[in-house]
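Engineer: Got a structure for you, written out below as structure tokens; questions coming shortly.
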Amino acid sequence: MPMGIGRTTVGFLPRAATVGALVAALLATASCTGTVPPDAAAAGAAPAPTSAPTGTPADPPSAAPAPIPDTLRFAGTTLTGGAFDATRLAGRPVVLWFWAPWCATCASQAWTVAEIAPRYRDTVPIVGVAGLGEQKAMKDFVTEFDLDGTTQIDDRKGTLWRRFKVTEQSIFVIIDRDGKVVHQGFLDGEALTAKVAALARA
């Protein structure tokens, strides 16, 4: 092989290797300037903010107040002197118990009311409406039959008795959650317990 050609070939190979190395280095540099992998973003700089996905349901709004039926548009004063507002019971079944302090039938029902009223206070409130007697006798009745934990309205003037057309004692007026009177009349302890339990499940 002529010497001139050998020198040219030998000189070319190192230059070709150098050019190849430069090309590889340039490619490596270009690859570093691409998109940052998600893992790298998590480990390094904070990721770019993203907008919340559309169509995601928001937190449900608080329940709207229950409509107030005419049957619960009344107020009174309790035997302890507190204010009573029946509109606050809207949306729940309510039992109104019309009793008199001298009534033997009322006394027999009082034990059942004292027993179940605390149990259903939040689901089926039982509210006593005391009438046809003196306030002291009404308070003594409440104490004797452990009714202190149950709301008792002082209706000595008979306002609520007339409103609900109650003409005798003992009478239970049961109002469903829609404000409809579904029972008005006598109930013994067993029947009262069954009706209140059914209303609580409804």
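The values are calculated or read from the model by the stated rules, or taken from the named source; none is laboratory data. Quick caveat, the model's predicted, so the values are computed rather than measured. Note that each Cβ is placed from the backbone with ideal geometry, even for glycine, and that neighbours are counted across all protein chains shown. Calculation scope for accessible area: heavy atoms of the full protein, side chains included, ligands and nucleic acids excluded. Shrake-Rupley method; radii C 1.70, N 1.55, O 1.52, S 1.80 Å.
Engineer: Checking VAL129 against (1) open to solvent by less than 10 Å² (accessible area, probe 1.4 Å); (2) part of a loop (DSSP other than H, G, I, E, B); (3) within 14 Å of THR71 (Cβ to Cβ), which test does it fail?
Structural biologist: (2)
Engineer: Under 7 Å between Cβ atoms, which residue pairs at least 6 apart in sequence (or on different chains) link something in region 188-202 that is within 24 Å of THR105 (Cα to Cα) with a partner that is open to solvent by 20 Å² or more (accessible area, probe 1.4 Å) and among the hydroxyl-bearing types (Ser, Thr, Tyr)?
Structural biologist: GLY189/THR112; LEU192/THR112; THR193/THR112; VAL196/TYR120
Engineer: Follow-up question, since we're still on this one. So, in region 87-110, how many residues would count as being free of Cβ contacts under 8 Å to residues at least 40 places away in the same chain, buried (at least 18 other Cβ atoms within 10 Å of the Cβ) and within 15 Å of LEU72 (Cβ to Cβ)?
Structural biologist: Within region 87-110, the subset free of Cβ contacts under 8 Å to residues at least 40 places away in the same chain is 87-89, 102, 104, 107, 110.
Going one step further and asking which of them are buried (at least 18 other Cβ atoms within 10 Å of the Cβ), we end up with 89, 110.
Checking which are within 15 Å of LEU72 (Cβ to Cβ) leaves us with 89.
Qualifying residue count, region 87-110: 1.
Engineer: Pull out all pairs, ordered by first then second residue, where Cβ-Cβ is under 9 Å, the residues are six or more apart or on different chains, the first lies in region 56-73 and is modelled with pLDDT of 75 or more, and the second is open to solvent by 80 Å² or more (accessible area, probe 1.4 Å) and assigned to a loop (DSSP other than H, G, I, E, B).
Structural biologist: Final answer for the pair search is ALA66/ARG177; PRO67/ASP178; PRO69/ASP178; PRO69/LYS180; THR71/LYS180.
Engineer: Any idea how many residues of region 111-121 are open to solvent by 90 Å² or more (accessible area, probe 1.4 Å), of a type outside the set (A, V, I, L, M, F, W, C) and more than 17 Å from ASP85 (Cβ to Cβ)? I'd like the intermediate steps shown before the answer.
Structural biologist: Our first condition is that a residue be open to solvent by 90 Å² or more (accessible area, probe 1.4 Å); within region 111-121, this holds for 111, 115, 119, 121.
Restricting the remaining residues to those that are of a type outside the set (A, V, I, L, M, F, W, C) gives 115, 119, 121.
Keeping just the survivors that are more than 17 Å from ASP85 (Cβ to Cβ) gives 115, 119.
Going through region 111-121 one residue at a time, the tally reaches 2.
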